[in-house]
1. I want to confirm something. Restricting to region 151-176 and keeping residues that are modelled with pLDDT of 80 or more and open to solvent by 70 Å² or more (accessible area, probe 1.4 Å), which single residue is farthest from Gly91 (Cα to Cα)?
2. For Ile51, indicate whether it is among the β-branched types (Val, Ile, Thr) and surrounded by fewer than 16 Cβ atoms within 10 Å (Cβ to Cβ).
3. Restricting to region 114-149, and then to whatever is under 17 Å from Leu103 (Cα atoms) and of a type in the set (Ser, Thr, Tyr), can you tell me which residue is most open to solvent (accessible area, probe 1.4 Å)?
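The values are calculated or read from the model by the stated rules, or taken from the named source; none is laboratory data. If you're wondering where the values come from, they're calculated on a predicted model, not measured in any experiment. For neighbour counting, all protein chains shown are included, and Cβ atoms are generated from backbone atoms with ideal geometry for every residue, glycine included. Heavy atoms of the whole protein, side chains included, go into the accessibility calculation; ligands, DNA and RNA do not. Shrake-Rupley method; radii C 1.70, N 1.55, O 1.52, S 1.80 Å.
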Amino acid sequence: MRTKRNQRGRKRSSIALIPALRSMLLQHVRRRLVIYLPACMPLLLVVLTHIGTLLTLVLIKSGLLAPGQLYRAMITWAVYGLLPLLFCSYGCFFAIARPVAGLLERTFPDLSSFILTLATGALYGVGISLALIMLLGADTMLRACLLVIVGLLTGLGNWVLYCSLITPSVQASSDT
């Protein structure tokens, strides 16, 4: 029977767990950026809508705000808005944003990358807006304006994030 006292000292190697997990996660996300990125802005907008709904609910319960149409619209977006927005974001990312980026780059090679990014993001956002209007049926001008704003924010946000995260070599290989 051996006791710990008789054992020789071994050199133990330690790995910093949190930095290793962080680097593995970042590597995984960068490799599969096309899968995760179209969901970023819809998730952020729904989280912001949830926060706004909670703040509005607190203000209504405290008596500082009367319940109205805005509150109902925020609850609707917080609960039911994620799936249509995700659907439109993914569809327009693959159908509009990626092909248009290559087309704009080939058509206007002298434009700066910032202008090309904004133009592609705006077209991506317009596509999302039109898809949301057709999918959800905007019966009033206020609802149509809200859908256009949400679509443009989603498109511009996703595309700017996409262009800031991808490296030029990945972009060149994905365009071909």
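1. That would be Ser164.
2. Yes, satisfied.
3. Thr117
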